[in-house]
1. Under a 5 Å amide H to amide H cut-off, with H placed in plane at 1.01 Å, what residues pair with S36 once short-range neighbours are removed?
2. Put +1 on the Cβ of every Lys and Arg and -1 on every Asp and Glu Cβ in the chain; which of V4, T79, S14 then has its Cα farthest towards the positive end of the dipole?
3. Please identify the trypsin sites (Lys or Arg not before Pro) of the chain that satisfy two criteria: DSSP loop assignment and at most 10 other Cβ atoms within 10 Å. Which are they?
4. Counting pairs of alpha carbon atoms under 8 Å apart in space and at least six apart in sequence, what relative contact order in percent does the chain give?
Amino acid sequence: MVAVPNEVRRANFSLFKSQTTDQYGQFDLHGLAPGSYKFFAWDGVESNAWEDGEFLKPFESQGKEIEVHDMDTAKLSLTLIGTKSANNN
């Protein structure tokens, strides 16, 4: 699972956060700076590939956008994104 900051803030790589899920697909992510993020769940993606704008382009519409405020908690349900079909285009 990856939290990707909005496009304006993507040059600041410290705002990107990732977390692996447990065997049930659950995750707990702490320490996000306030702001707008898109959340993604990929299968078999190289670590930090999401920091590349070209990599993100075909997946933008599949992200779940959330506005994060101080001390927020949220429960998200994400759909796993396979990358094989996107890389074969």
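Quick note: the coordinates plus some simple rules give every number you see, no bench work behind them. Please read all numbers here as calculations on a predicted model, not as lab measurements. Don't worry about glycine lacking a Cβ; one is built from the backbone with ideal geometry, like all the others, and counts go over all protein chains shown.
1. Those lying under 5 Å, H to H, from S36 are N6, V68.
2. T79
3. Listed in order of number, the matching sites are K75.
4. RCO, the chain: 32 percent.
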